[in-house]
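Asker: First the structure, which I've put down as structure tokens, then a few questions once you've had a look.
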Amino acid sequence: MPLFAVHISDNVLSPPFWLAGFAVGAFLLVVALWRIRDDEVPRIGLLTAAFFVASSIHVKVPPTSVHLLLNALVGVVLGRRAPLAIAVGLLLQAWLLAHGGFTTLGVNLVVIAVPALLAGPPFRLLAGRDGLSGPRRAFWAGAIVAFFVVIVTAFLNAIVLITGGVEDWTVIAAPQFAVYLVLGIIEGLIVGMTAEFLVRVKPDLVRLPAAGCARTAEVHERPAALAVADPVTSSRSRTGS
């Protein structure tokens with residue numbers, strides 16, 4: 001098993017744990033596939049590629065290195081479809097790069113996909129659903145959410161290693177968690193910049209309305225609100241009396 005990876009390899013966990021991982025992972029995939037639309041498939045494919053490529057981008061954190069996760073970005077863009085992209089990405093990583101394992105695909109899916117599923121709501125809450133926040137606020141929302149998603153992912157991975165490992169992995173799990181604190185900062189900056197860019201060019205990808213639309217709506221709604229608040233004044237202004 002790579003020392004500081006959240007992709008758990010074969011022969012690391014006891015059978016009950018990786019069997020339970022397949023059961024929970026299958027449930028996540030069933031929910032993700034429920035009523036999927038054809039127009040969602042290209043977006044899922046794009047995020048699958050991004051998640052897969054991220055595993056080949058290694059960040060030096062002395063005395064070792066870690067790779068990007070981007071599960072926060074996958075969760076923000078795909079919502080409950082995120083496990084689909086992550087599952088395919090994990091399968092390709094295990095098959096083509098020998099990164100992770102086949103018996104632990106379910107556990108790895110749960111460890112990475114559950115934090116991804118938690119990313120969307122807080123991102124939109126921090127970024128502002130009214131569309132008036134702008135790219136700067138989207139940057140900070142993406143950075144904060146990505147940081148905590150990495151931390152939650154590392155925490156879940158450490159818990160699985162400690163409780164389900166065939167050996168005592170405590171000596172690895174503790175420093176691994178510390179290293180991913182650094183990765184959380186780096187990934188937070190990357191996801192933040194990506195969110196800022198997407199809000200500028202295609203805000204619907206992160207499920208936020210365009211800023212211009214919200215401002216236009218505000219301009220049109222303001223006279224109506226004034227008319228409701230003071231109908232007498234509004235009537236006089238229309239009749240010229």
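The values are calculated or read from the model by the stated rules, or taken from the named source; none is laboratory data. Being a predicted model, the structure only gives us computed values, none of them experimental. So basically every Cβ, Gly included, is an ideal-geometry build from the backbone, and we count neighbours across all protein chains shown.
Asker: Report yes if Val160 is in the same structural domain as Val114 (by TED's automatic domain parsing), among the hydrophobic types (A, V, I, L, M, F, W, C) and either in contact with a Cys (Cβ under 7 Å, 6 or more places away or on another chain) or surrounded by 14 or more Cβ atoms within 10 Å (Cβ to Cβ) (or both), otherwise no.
Answerer: Working: in the same structural domain as Val114 (by TED's automatic domain parsing): yes; among the hydrophobic types (A, V, I, L, M, F, W, C): yes; either in contact with a Cys (Cβ under 7 Å, 6 or more places away or on another chain) or surrounded by 14 or more Cβ atoms within 10 Å (Cβ to Cβ) (or both): yes.
Against the criterion (in the same structural domain as Val114 (by TED's automatic domain parsing), among the hydrophobic types (A, V, I, L, M, F, W, C) and either in contact with a Cys (Cβ under 7 Å, 6 or more places away or on another chain) or surrounded by 14 or more Cβ atoms within 10 Å (Cβ to Cβ) (or both)), Val160 qualifies.
Asker: Within the stretch 118-147, which residues are surrounded by fewer than 24 Cβ atoms within 10 Å (Cβ to Cβ) and in contact (Cβ under 8 Å) with a residue 60 or more places away in the chain?
Answerer: If the condition is that a residue be surrounded by fewer than 24 Cβ atoms within 10 Å (Cβ to Cβ) and in contact (Cβ under 8 Å) with a residue 60 or more places away in the chain, then Gly120, Arg124, Gly128, Arg129, Asp130, Gly131, Leu132, Ser133, Gly134, Pro135, Arg136 are the ones that fit.
Asker: Here's something else I'd like to know. Return the only residue of Ile57, Ile44 being at negative phi and at pLDDT 95 or above. Step through it out loud before you land on a result.
Answerer: Numbers: Ile57 fails: at pLDDT 95 or above.
Exactly one residue qualifies, and that residue is Ile44.
Asker: Right, next: Only one of Val66, Val41 is in a helix (DSSP H, G or I), in the same structural domain as Phe155 (by TED's automatic domain parsing) and among the β-branched types (Val, Ile, Thr); which? Spell out the reasoning first.
Answerer: Details: Val66 fails: in a helix (DSSP H, G or I).
None of the other options fit; the residue is Val41.
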